[in-house]
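Below: the structure, in structure tokens.
Only the coordinates and a few stated rules stand behind these numbers; no lab work does. Predicted, not measured: the structure shown is a model, and the values here were computed from it. Here the Cβ positions follow ideal geometry from the backbone for every residue, glycine too, while neighbour counts run over all protein chains shown.
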């Protein structure tokens with residue numbers, strides 16, 4: 001985990017202990033205002049090692065969902081992946097895998113947990129190879145405009161290629177690839193976003 005600390009800081013990743021210190025008396029001594037803050041509903045990024053991965057099924061419609069502990073050096077947090085986010089995150093749901101988790105915190109009398117929206121493979125994101133390009137498979141024409149808008153909001157030097165109706169196109173705009181832009185692309189295009197790297 002320590003090998004990725006610089007990357008975590010750059011991407012605004014919280015330490016789990018900072019978010020789950022409600023029961024830690026040492027924090028209460030330092031700042032009662034911070035200790036009493038309720039994080040319920042906050043959207044955050046945390047990172048850690050997946051532990052105790054378990055598969056469950058919802059009572060209402062028997063759809064699969066996963067629950068695990070995400071652990072870093074400061075603590076751990078219960079993480080829940082509901083069925084509607086499984087397809088996007090299935091390949092990252094492996095015991096012992098180091099991941100960044102993006103989601104919404106839920107805090108109640110039973111403690112704090114994160115409802116997972118996206119998971120990212122740390123080793124893939126932080127690997128030394130430089131990104132070569134981003135490929136996005138489009139389903140309908142309106143998505144060309146969506147890509148253009150994201151490129152304009154996040155200008156950079158990484159080429160963006162679009163695949164639509166069996167043909168490849170190069171986007172007019174280039175993009176700055178970081179955690180935030182990659183997350184935004186996945187929100188819009190799901191598994192149809194791929195990053196290629198220089199060998």
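Observations, loosely collected:
- Applying 0.36 nm per residue to the separation of residue 60 and residue 135 and subtracting their alpha-carbon distance, the gain on full extension is 23.2 nm.
- In plain terms, the residue of 101, 195 with the fewest other Cβ atoms within 10 Å comes first and the most crowded comes last, giving 195, 101.
- Residues of region 132-166 with amide N under 13 Å of the 7 Å Cα→Cβ point at residue 184: 146-156
- Tensor-based shape of region 69-128 (alpha-carbon gyration tensor, a/c under 1.5 rounded, otherwise prolate or oblate): oblate
- Efficiency of FRET between residue 165 and residue 82 - r from beta-carbon atoms, R0 41 angstrom, step 0.05: 0.80
- Ascending count of other beta-carbon atoms within 10 Å, so fewest first, for 120, 161, 57: 57, 161, 120
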